[in-house]
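These notes concern the structure reproduced below.
The values are calculated or read from the model by the stated rules, or taken from the named source; none is laboratory data. Quantities reported herein were computed from a predicted structural model and do not represent experimental measurements. In this analysis, Cβ positions are derived from the backbone assuming ideal geometry, glycine residues included, and neighbour counts consider all displayed protein chains. In case anyone asks, the SASA skips ligands and DNA or RNA and just uses the protein heavy atoms, side chains included. Shrake-Rupley method; radii C 1.70, N 1.55, O 1.52, S 1.80 Å.
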Amino acid sequence: MKQYQAHETAVIDDGCTIGEGTQIWHFSHIMAGCRIGRGCTIGQNVVISPGVVLGDLVKVQNNVSVYTGVTCDDGVFLGPACVFTNVVNPRSAIPRRHQFLPTRVERGATVGANATVVCGHTIGAYAMIGAGAVVTKDVLPYALVVGNPARQTGWVSEYGHRLDFDSDGTAVCPEGDAVYRLRDGRVERIGV
């Protein structure tokens, strides 16, 4: 007996793994060989390709394509119509399945609406990719990046609030009261 919910229009291939409490909405295609964790939400018109791994509590909004080679850790948010690539130089007439490059989205990160993540990069934990951004290189944990190509414009907390660091290099999230430190160009959570 399945322990997830799927709309009757969703196509779920044999050979995939779907965790307990996951919900799959209209017209989505879950392909053989992918793994979806517990408590995930897969929106309308989503494609999860073979070999994709989604951790627990991942939210995939409508019209997202998650292609082979992508791994999303627990708590990742994929905004509406964001896209992942898996080949750097695709051509219709030239098979390049052996050239797929891996992409990792670490715990708690957000990829905004209509953003594109070019394959072969890592988006750090709790990073936030702005709407419409094009990610062409690795993104540090807690970094806020926007634009095309995506460039870092600041830092965000685990709750997604912009962090304003004082002269000592510390900042407090206005929601949750967690304390963060900026040192050597990287942010780490140091308390609460």
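Quick look at the numbers
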{"read-out": "Filtered residues of the stretch 28-56 (kept if open to solvent by 30 Å² or more (accessible area, probe 1.4 Å) and within 20 Å of Thr68 (Cβ to Cβ))", "value": "His29, Met31, Ala32, Gly33, Arg35, Asn45, Val47, Pro50, Gly51, Val53"}
{"read-out": "Residue check for Leu140: surrounded by fewer than 19 Cβ atoms within 10 Å (Cβ to Cβ), closer than 13 Å to Arg186 by Cα and under 15 Å from the mean Cα position of the chain (by Cα)", "value": "yes"}
{"read-out": "Every pair of residues 6+ apart whose Cβ atoms lie under 7 Å, when the first sits in the stretch 178-192 and is under 16 Å from Ser167 (Cβ atoms) and of a type in the set (Ser, Thr, Tyr) while the second is at pLDDT 95 or above and outside any loop (DSSP other than H, G, I, E, B)", "value": "Tyr180/Thr170; Tyr180/Ala171; Tyr180/Val187; Tyr180/Glu188; Tyr180/Arg189; Tyr180/Ile190"}
{"read-out": "Residue in the stretch 38-46 that is of a type in the set (D, E, K, R), over 13 Å from the mean Cα position of the chain (by Cα) and assigned to a loop (DSSP other than H, G, I, E, B) present", "value": "yes"}
{"read-out": "Qualifying positions in the stretch 54-84 - of a type in the set (A, V, I, L, M), assigned to a loop (DSSP other than H, G, I, E, B) and on the phi < 0 side of the Ramachandran plot", "value": "Val58, Val64, Val76"}
{"read-out": "Residue within the stretch 164-173 that is open to solvent by 10 Å² or more (accessible area, probe 1.4 Å) and within 22 Å of Asn62 (Cβ to Cβ) present", "value": "no"}
{"read-out": "Test: residue in the stretch 122-132 that is surrounded by fewer than 16 Cβ atoms within 10 Å (Cβ to Cβ) and assigned to a loop (DSSP other than H, G, I, E, B)", "value": "yes"}
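Conditions tested, residue by residue: (1) closer than 26 Å to Gln44 by Cβ; (2) open to solvent by less than 60 Å² (accessible area, probe 1.4 Å); (3) part of a loop (DSSP other than H, G, I, E, B).
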position: Asn86; (1), (2), (3): yes, yes, yes
position: Arg104; (1), (2), (3): yes, no, no
position: Arg107; (1), (2), (3): yes, no, yes
position: Gly160; (1), (2), (3): yes, yes, yes
